[in-house]
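Below is one structure; the comments refer to it alone.
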Amino acid sequence: MDQPNILFYFTDQQRADTLGCYGQKLNISPSLDQLAMEGVLFENAFTAQPVCGPCRALLQTGKYPTEIGCYRNAIALPDHIKTLADYMQEIGYETAYVGKWHLASTRKKCEDLPIEDYETKAIPPERRGGYRGFWRAADVLELTSHGYEGYVFDENMKKRKFAGYRVNRITDFALEFLDSYRGENPFFLTISHIEPHYQKDRQGYEGPIGSKQKFQNYELPEDLKILGGDAREMYPDYLGCCQSLDDNLGRVIDKLKEKKIYENTIIIFTSAHGFHFKTRNQDIHMKREDNDKQSCHDACLKVPLVIAGPGFKGGKKISDLVSTASLPKTILAIAGVDVKSAMIGENLKDVADGKIEERKNCIFAQISESRIGRCIRTEHYFYSVYAPNSDGWSEGSSNYYEDDFLYDLKKDPYELNNLISDVNYQSIRQEMARELVEEMIKAGEAVPVIQHSLISRKD
């Protein structure tokens with residue numbers, strides 16, 4: 001079998017600094033740390049959309065959420081878009097999906113889209129984004145389950161109840177697929193965990209029992225230590241979720257080795273976005289109850305990214321800035337398909353191999369729901385804008401923006417001192433604004449007007 005198996009291990013709301021290979025001092029992630037030592041660690045990886053649904057829409061289509069209309073949660077993936085699963089099945093891959101989907105329902109009427117509610121119901125085949133094989137998923141997993149019980153649905157739309165810690169049970173479903181795998185064709189398996197996502201109806205994180213005691217001697221990341229928020233109360237259970245994710249990654253790796261397919265399997269580990277624990281966005285009048293991730297700051301955008309397996313070996317550490325928006329194109333390139341301009345981003349194998357001549361070392365991200373925002377981040381600076389008097393829930397973009405933040409990351413790595421109105425940085429601000437406009441146009445947005453703000457926000 002020339003094509004490798006591809007396993008996408010996807011977490012939700014996990015900061016990169018929860019992991020040993022990104023500097024975490026506690027023994028949270030031995031499985032991933034070992035994978036990083038074997039493969040490629042991208043030290044500066046960023047999501048292009050720090051909201052669950054839009055991020056997933058991007059990862060399934062290789063297109064910006066604004067391009068396909070999925071700029072916020074509760075807008076279904078359009079059925080006319082060719083997806084990653086469609087491509088993979090065309091070239092002979094067996095596809096399987098386990099866990100959180102979050103792309104089937106349209107809640108509240110949106111333009112001409114009808115209301116479709118599969119949040120706690122079985123997702124019909126036409127709403128599965130082209131996945132036609134093994135399926136153990138729920139559209140909004142936090143509504144069909146809690147930390148220790150719940151249900152998903154299978155490919156025949158039958159309810160599959162589970163009891164026991166959710167990360168373990170979701171992994172059990174993935175192991176069910178691997179146990180049934182016969183090797184006739186390569187597989188593309190996504191394991192989409194919800195942890196360490198906040199469980200809204202329980203108003204906290206549901207780590208494994210004993211997490212509060214086990215991780216009581218945690219050390220907060222510097223931004224949370226300085227800015228406060230609610231991390232001191234929440235962090236032990238948050239870390240407990242993260243350790244469970246790593247334990248279960250280890251279970252998956254053990255199963256691949258047992259099946260003697262580990263050496264021909266590429267494992268990709270990343271997260272949808274990070275979390276700022278109520279330390280940012282505090283001067284925004286929020287119309288929505290969750291404002292802990294819809295920000296351009298590193299706390300929300302910076303995510304772990306490790307790729308290991310054939311072609312991704314050697315314990316490399318890549319310091320270049322990369323976007324997880326490149327993952328659909330990269331996955332298809334691994335499988336032997338060059339989609340060229342049909343998808344955004346780049347082939348991260350080229351970055352891993354040092355083929356970076358004339359490469360622009362920056363990332364671009366879109367913000368929705370809390371506000372309409374855009375940002376660009378280079379190695380040295382971070383700059384963002386927002387659309388005042390716009391509703392990020394009902395609108396995806398704007399043609400008018402105002403300055404929001406400018407940080408000098410070399411001097412201020414924790415993004416504490418907003419320089420947007422500092423007279424010494426106006427030439428930098430202008431250059432970053434010009435580059436941001438270029439990225440927005442590349443993303444298919446209308447040429448925007450950006451108005452310079454005379455007031456600096458503090459967070």
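The values are calculated or read from the model by the stated rules, or taken from the named source; none is laboratory data. Note that the structure is a prediction, hence the values are computed from the model and not measured. Positions of Cβ are backbone-derived with ideal geometry, glycine not excepted, and every protein chain shown enters the neighbour counts. With ligands, DNA and RNA removed, areas are computed over all heavy atoms of the protein, side chains included. Shrake-Rupley method; radii C 1.70, N 1.55, O 1.52, S 1.80 Å.
Quick notes
- Rounded to 10°, Cα long-axis angle of helix 426-442 versus longest principal axis of the chain: 40 degrees
- Carbon/sulfur fraction of accessible area - the range 54-120, other protein chains in place, 1.4 Å, %: 47 percent
- Shown in residue order for the range 76-90 are the 3J(HN,Hα) couplings computed by the Karplus curve 6.51 cos²θ - 1.76 cosθ + 1.60 at θ = phi - 60°: 5, 4, x, 7, 9, 8, 6, 9, 4, 5, 4, 4, 5, 6, 4 Hz (x for Gly and Pro).
- Using every pair of separate Cα atoms, the Kirkwood estimate puts the hydrodynamic radius of the range 46-128 at 13.3 angstrom.
- Take the Cα radius of gyration of the range 365-436 and divide it by 2.2 N^0.38 Å, N being the number of residues; the result is 1.11.
- Globularity index of the range 25-68, i.e. its alpha-carbon radius of gyration over 2.2 N^0.38 Å: 1.59
- Other-chain or far-sequence residues with amide H under 5 Å of residue 343's (modelled H): none
- Value of [θ]222 nm, deg cm²/dmol, for the chain, DSSP H segments ≥ 4, -39500 (n - 2.57) each, nearest 500: -7500 deg cm²/dmol
- Dimensionless Rg ratio for the range 405-445, taking C-alpha atoms and the 2.2 N^0.38 Å reference: 1.31
- For the range 212-286, the list of trypsin sites (Lys or Arg not before Pro) that fall in a loop by DSSP and count at most 10 other C-beta atoms within 10 angstrom reads 260.
- Loop-located GluC sites (Glu not before Pro) across the range 12-94 with a Cβ neighbour count of 16 or fewer within 10 Å are lacking, with loop assigned by DSSP.
- For the range 287-361, the Rg and Dmax computed from alpha carbons only, in angstrom: 14.9, 47
- For the chain, with +1 on Lys and Arg beta carbons and -1 on Asp and Glu, the positive-most of 47, 331, 425 along the dipole: 331
- For the range 143-155, putting each phi into the Karplus relation 6.51 cos²θ - 1.76 cosθ + 1.60 with θ = phi - 60° gives couplings of 9, 9, 7, 10, x, 10, 6, x, 7, 10, 10, 9, 5 Hz, in residue order, rounded to whole numbers and with x for Gly and Pro.
- Proximity of backbone amide H atoms, modeled 1.01 Å from N, is registered between residue 160 and 152, 153, 154 at under 5 Å, excluding neighbours fewer than 5 places apart on the same chain.
- The range 208-262 pair-distance distribution - Cα-Cα, 5 Å bins, rounded %: 5, 18, 19, 16, 13, 10, 9, 6, 3, 1
- Each Lys and Arg Cβ is given +1 and each Asp and Glu Cβ -1; about its Cα centre, the chain then shows a dipole of about 700 debye.
- Cubic angstrom per residue, convex hull over Cα atoms of the range 1-148: 146 Å³
- Across the range 379-392, rounded Karplus estimates of 3J(HN,Hα) from the backbone phi angles (6.51 cos²θ - 1.76 cosθ + 1.60, θ = phi - 60°) give 5, 10, 10, 10, 9, 9, 9, 9, 9, x, 6, 10, 9, x Hz, Gly and Pro being marked x.
- Nitroxide proxy distance, nm - points 7 Å out along Cα→Cβ at residue 184 and residue 434: 5.9 nm
- Where Rh is the Kirkwood radius over Cα pairs, Rg/Rh for the range 196-317: 1.04
- Over the range 148-188 - Rg/Rh using Cα atoms and the Kirkwood inverse-distance radius: 1.04
- Solvent-accessible area per residue in the chain equals 39 Å², computed with a 1.4 angstrom probe and all protein chains kept.
- Kirkwood-type radius of the range 178-248, with distances r between different C-alpha atoms, in Å: 14.3 Å
- Of all accessible heavy-atom area on the range 354-459, the percent that carbon and sulfur account for (1.4 Å): 50 percent
- Rounded to the nearest 10 degrees, the angle from helix 166-180 to the longest Cα principal axis of the chain is 50 degrees.
- The fraction of Cα-Cα pairs per 20 angstrom bin, counted from 0 for the chain, comes to 26, 61, 13, 0 percent, rounded to whole percents.
- Here the simple spin-label model places points 7 Å from the Cα toward Cβ, and for residue 260 and residue 361 these points are separated by 4.5 nm.
- The range 1-61: trypsin sites (Lys or Arg not before Pro) in DSSP coil with no more than 10 other Cβ atoms inside 10 Å: 25
- Kirkwood analysis of the Cα pair distances in the range 317-459 returns a hydrodynamic radius of 16.5 Å.
- Distant-in-sequence amide contacts of residue 206, defined by a placed amide H-H separation under 5 Å and a gap of 5 or more residues or a different chain, comprise 199.
- What the Cβ-Cβ distance of residue 151 and residue 222 gives, at R0 = 30 Å and to the nearest 0.05, is a FRET efficiency of 0.15.
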